[in-house]
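Only one structure is covered here, and it is reproduced in the block below.
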Amino acid sequence: MVVPADLTARLGPLTLPNPVMLASGTCAYGLEMEPYGDLDGIGAIVVKGLSLERSEGNPPPRIVETPSGMLNSIGLENIGVEAFLRDKLPLLREKGARVIVNIYGQTLDEYRRLAEILGGAEGICALEVNISCPNVKKGGLLFGQDGRETRRVVEAVREKTARPLLVKLTPNVTDVGEIARAAVDGGADALTLINTLQGMAVDVESRRPALANVLGGLSGPAIRPVAVRCLWQARRAVPVPLIGVGGIHGARDALEFIIAGASAVQLGTVNFIYPGRWREVVEGIEGYLQRHGMTSLSQLVGSLEI
Ligand SMILES: Cc1cc2nc3c(=O)[nH]c(=O)nc-3n(C[C@H](O)[C@H](O)[C@H](O)COP(=O)(O)O)c2cc1C
């Protein structure tokens, strides 16, 4: 007889029934994924990054296909936090979805305000702080590329909310361990690794950049080894639970992250190709645990032997 494995994902103060989430920016506000499976079967849905005000994002073209991946320069287009709370969150709650809200600001005050507004909203299970945004007060340097700024932004959010706090790190740094430590010192409960890698493509016929914004973020299977490496380095730097993301298209990919130390994973670019893939990944992880005689996910997390 095959015994069902316990897939519970433990992320500090946040517990999810399974470890497979959808990544921010790749499933809109979650409701769009309904035709592909019941939303309450997904570990958690991380909605598109929200800012205080609605944002149009960058002009097109803002997506380019690349070998085993894609470049995007959406520029954090979103409906704004108030419209999300009014128009999207009630429907997500009705469907039983576990909702994680990804937030971004351009000043510490914007992050504080977002944390305050969302801290009081019913039906949100965690905040995920995107620190891959330019700090306008520091001349456009990304918050997440500097240890001190990372700590300050996480502290600012932490002061305003008692909700579980995930901090999403950028791979575009020299030492991801240093940034991971800064985020944990600032009060992060768990870390998400990684956001997109900075990239660029050229249209050789027009001799113009392929993206109107010139630079974009690379995602998809092309970045998976970089993401697994970042996760592993963060694992060695900090004691908090980690969430792996970057190029996961199937259960085997997710297992790489889990074995390297991830307590949960997020699916991103794959949602544009196979929007219901999350279900196969959940089933594939369970099948793996059973084949290897494990009764719970926690036995596999960080079981890498070197
Ligand atoms: C079109 C697009 C939009 C994204 N928007 C956001 C966002 O708003 N906030 C964020 O933290 N990450 C955003 N990301 C990054 C993804 O959540 C994820 O970290 C990254 O794509 C790597 O995972 P993947 O290779 O599975 O796509 C976006 C990615 C893509 C492709």
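The values are calculated or read from the model by the stated rules, or taken from the named source; none is laboratory data. Keep in mind the model is a prediction, meaning the values are calculated, not measured. Please note: Cβ atoms are built from the backbone with ideal geometry, for glycine as well, and neighbour counts cover all protein chains shown.
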Next item on the list: Mind telling me which of the residues PRO61, PRO90, PRO35 ends up being within 15 Å of the ligand (Cβ to nearest atom) and more than 20 Å from the chain's Cα centre (by Cα)?
Entry: PRO61
Checklist line | Counted residues, segment 217-252 - those being assigned to a loop (DSSP other than H, G, I, E, B) and either within 12 Å of the ligand (Cβ to nearest atom) or closer than 18 Å to LEU297 by Cβ (or both) | finding: 8
Checklist line | Residues located in segment 256-267, provided they are part of a helix (DSSP H, G or I), away from the ligand (no atom under 13 Å from the Cβ) and crowded, with 21+ Cβ neighbours inside 10 Å | finding: ILE258, ALA260
Next item on the list: Return only the number of the condition from (1) over 30 Å from ARG224 (Cα atoms); (2) surrounded by 14 or more Cβ atoms within 10 Å (Cβ to Cβ) that ASP87 does not satisfy.
Entry: (2)
Note to self: So ALA121 passes all but one of these: (1) part of a loop (DSSP other than H, G, I, E, B); (2) modelled with pLDDT of 95 or more; (3) surrounded by fewer than 19 Cβ atoms within 10 Å (Cβ to Cβ). Which condition number does it fail?
What the structure shows: (2)
Checklist line | Pick from segment 93-107, criterion surrounded by fewer than 19 Cβ atoms within 10 Å (Cβ to Cβ) and either modelled with pLDDT of 95 or more or away from the ligand (no atom under 16 Å from the Cβ) (or both), ranking: farthest from ILE45 (Cα to Cα) | finding: THR107
Notebook entry, point to check: Among VAL153, VAL202, VAL167, which is the only one that is more than 14 Å from the ligand (Cβ to nearest atom) and at negative phi?
Noted result: VAL202
Check: Which one of these is touching a Cys at 6+ places or on another chain (Cβ under 7 Å), at pLDDT 95 or above and closer than 22 Å to VAL46 by Cβ: ILE131, ILE194, ILE223?
Finding: ILE194
Next item on the list: Determine whether GLU110 is within 16 Å of the ligand (Cβ to nearest atom), among the acidic types (Asp, Glu), surrounded by 14 or more Cβ atoms within 10 Å (Cβ to Cβ) and under 21 Å from GLY217 (Cα atoms).
Entry: no
